[in-house]
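First the structure, in the form of structure tokens, and then the observations on it.
The values are calculated or read from the model by the stated rules, or taken from the named source; none is laboratory data. Source: prediction; values computed, not measured. Reconstructed Cβ throughout: ideal geometry from the backbone, glycine too, with neighbour counts over all protein chains shown.
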Amino acid sequence: MSHAGLTAASPSHGLDGDLHLDHYGGGRLPFVSLGGRGVRLRLAERGGAGEPFEVIDASGGYASACLGAGHPAVLRALTRAVTDLGYATDEIESAERTRLLAGTLGSGGLWCDHFPPGDYHAAGRNSGSEGMELALRLVLESRYDHRRLRPDPERGGRDLVLAFQGAWHGWTGALTPLLNRRHFRVGLPQIAADGPYGLAVEHLPFGVLEPLLEFFARDGERLLAVVVEPIQGDAGLLVPPPGYLRTLAALAAEHGALLVADEVLTFAKTGRFFAMADEYGPIPTDVTVIGKSLGMGVLSTSMVIARRSLAVRPSGAVATSDLRPLTCAVIHDGLRLIEEEELLERSAELGAQLAGLLDREVLDRFPGTYRGLRGTGLLQGLELAEDAADRLRDLRSSIIRAGCYVEFMAGAGRRSHGLPYVFPTMRVAPPLVTSPAELEELVAAIQRGTARFLGDGR
Ligand SMILES: Cc1ncc(COP(=O)(O)O)c(C=O)c1O
């Protein structure tokens, strides 16, 4: 057999289907992406029917493309990195890494109000999941006395992790038990039996104080760590009531449990860098994991920011991906752009505009299709009504054909303590660089797509 190899590959529309592992059980979208620029993507029907068409991207690459596609600042950072920065692993100091870390976590750094300088250190990983794995590893190592090489007398017996119903923290082995979704675990014996690394996991409903207080009174002394998304993403963009996260942090600190904030999704999406904050300011955490937008839409990367007292045993978590110069250059230059152009402040305003538009133009008009709107900043969620949830894929395709690329979160489903069921929720999370006019266009497309889905031809 002759091998034509890569030269023979033709960019025909939608012929990779059988080669790319299908994570959706045959339910992949019937479109092909042909490319994109700014907040617009060019799509075609899979199989080649019809002309290619343009959509506004309200998904932003699973909420990771904060600067849209092809931003010149990202291109300059990549060019600078590839041309000049070479390689440096985590065993040697890198000037580019120091520049990033000093500029963010050092004295006077961009994030110093959140992480008091001198109290925290950070590491990089390839993905949100890997960042969360490292966070768990740090939690686990806190039970161990590295100097005496034996369990820590105070922490060694702690064997419980608190997570929340509907949580989403990633797919890797140690993270799956943190998701209280049997569907994802059943039939996988190695991760079904115990929690991460053999720790037990308890799931509480998110945002409700009473079960939290009961839990801490009962099991606080056993608790090793709390793992929380400050706004639950996959659960349906659930925003906790005021005061909840601060109470959670206080309870964890009081009982000696480590607080791990999963800000992989929320980083730079809520009108501020970190969603672990309230009207009184930042809410302290022991470990914060950020990802998605951190890679400025071109890299899959994450950062784990942990108290200096948390560490792994020597060589315990060495990684090829730990804050490479290229990664640091992209993050550094992207953050500088966000700061200089005040994109977070702007996104808080845009978020208010987006929420208003979605409320008036979509939620109010289609009460049989959508039943709730929630969110903060450019991270908004429209929860589906039950009937529409049953035909989610058709609704989504219709909205995409109408000109807006949206995605759906699974929803928290059934929850305890009499809390309402949460149906799948449309995530509307366009890049920070979206203009007010593009927001209007995007909402108009959601409206058009919904009307077509309902068949009224509006
Ligand atoms: C809150 C949260 N944590 C972790 C992850 C996992 O990140 P990744 O897909 O980069 O592994 C995600 C991804 O959707 C997420 O939303």
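Annotation: of all residues in segment 339-348 being surrounded by fewer than 23 Cβ atoms within 10 Å (Cβ to Cβ) and in contact (Cβ under 8 Å) with a residue 12 or more places away in the chain, the one that is farthest from Gln447 (Cα to Cα) is Glu339.
When segment 153-187 is limited to residues that are more than 25 Å from His417 (Cβ to Cβ) and touching a Ser or Thr at 6+ places or on another chain (Cβ under 7 Å), the one that is surrounded by the fewest Cβ atoms within 10 Å (Cβ to Cβ) turns out to be Trp171. Look at segment 252-266: where a residue is under 30 Å from Leu299 (Cα atoms) and a partner is of a type in the set (Phe, Trp, Tyr) and within 15 Å of the ligand (Cβ to nearest atom), sitting 6+ places away or on another chain with Cβ atoms under 8 Å, you get Ala261/Phe274; Glu263/Phe274; Thr266/Phe274. Does segment 194-236 hold any residues that are in a strand (DSSP E or B), away from the ligand (no atom under 15 Å from the Cβ) and under 22 Å from Arg374 (Cα atoms), and which are they? Answer for segment 194-236, where residues must be in a strand (DSSP E or B), away from the ligand (no atom under 15 Å from the Cβ) and under 22 Å from Arg374 (Cα atoms): just Leu204.
Do you know which residues across segment 256-282 are within 20 Å of Arg137 (Cα to Cα) and either at pLDDT below 95 or away from the ligand (no atom under 16 Å from the Cβ) (or both)? Of everything in segment 256-282, those that are within 20 Å of Arg137 (Cα to Cα) and either at pLDDT below 95 or away from the ligand (no atom under 16 Å from the Cβ) (or both) turn out to be Gly256, Ala257, Leu258.
Contact map, segment 171-184: first residue assigned by TED's automatic domain parsing to the domain that holds Ala412 and closer than 14 Å to Gly411 by Cα, second residue modelled with pLDDT of 80 or more and away from the ligand (no atom under 14 Å from the Cβ), Cβ cut-off under 8 Å, separation 6 or more or different chains; the map is empty. Just to be sure I understand the filter: pairs with C-beta atoms under 9 Å, separated by 6 or more residues or on different chains, first member in segment 211-235 and touching a residue at least 40 places away in the same chain (Cβ under 8 Å), second member of a type in the set (Phe, Trp, Tyr) and more than 16 Å from the ligand (Cβ to nearest atom). Which pairs pass? Qualifying pairs under 9 Å: Leu223/Phe215; Leu223/Phe216. One residue is enough: does segment 240-248 have a residue meeting the conditions closer than 30 Å to Leu85 by Cα and either touching a Pro at 6+ places or on another chain (Cβ under 9 Å) or buried (at least 24 other Cβ atoms within 10 Å of the Cβ) (or both)? No, segment 240-248 contains no residue that is closer than 30 Å to Leu85 by Cα and either touching a Pro at 6+ places or on another chain (Cβ under 9 Å) or buried (at least 24 other Cβ atoms within 10 Å of the Cβ) (or both).
Mind checking which residues of segment 365-407 are β-branched (Val, Ile, Thr) and more than 20 Å from Leu41 (Cα to Cα)? Result: Thr369, Thr376. Elements of the type helices (runs of 4 or more DSSP H) sitting completely within segment 16-129 and holding at least 2 residues that are more than 16 Å from the ligand (Cβ to nearest atom) and buried (at least 16 other Cβ atoms within 10 Å of the Cβ): these cover 72-80, 95-105. Among residues of segment 399-458 being basic (Lys, Arg) and outside any loop (DSSP other than H, G, I, E, B), the one that is nearest to Gly207 (Cα to Cα) is Arg427.
Might you check whether a residue that is in contact (Cβ under 8 Å) with a residue 40 or more places away in the chain and under 23 Å from Gln232 (Cα atoms) occurs anywhere in segment 148-160?
Checked segment 148-160: at least one residue is in contact (Cβ under 8 Å) with a residue 40 or more places away in the chain and under 23 Å from Gln232 (Cα atoms).
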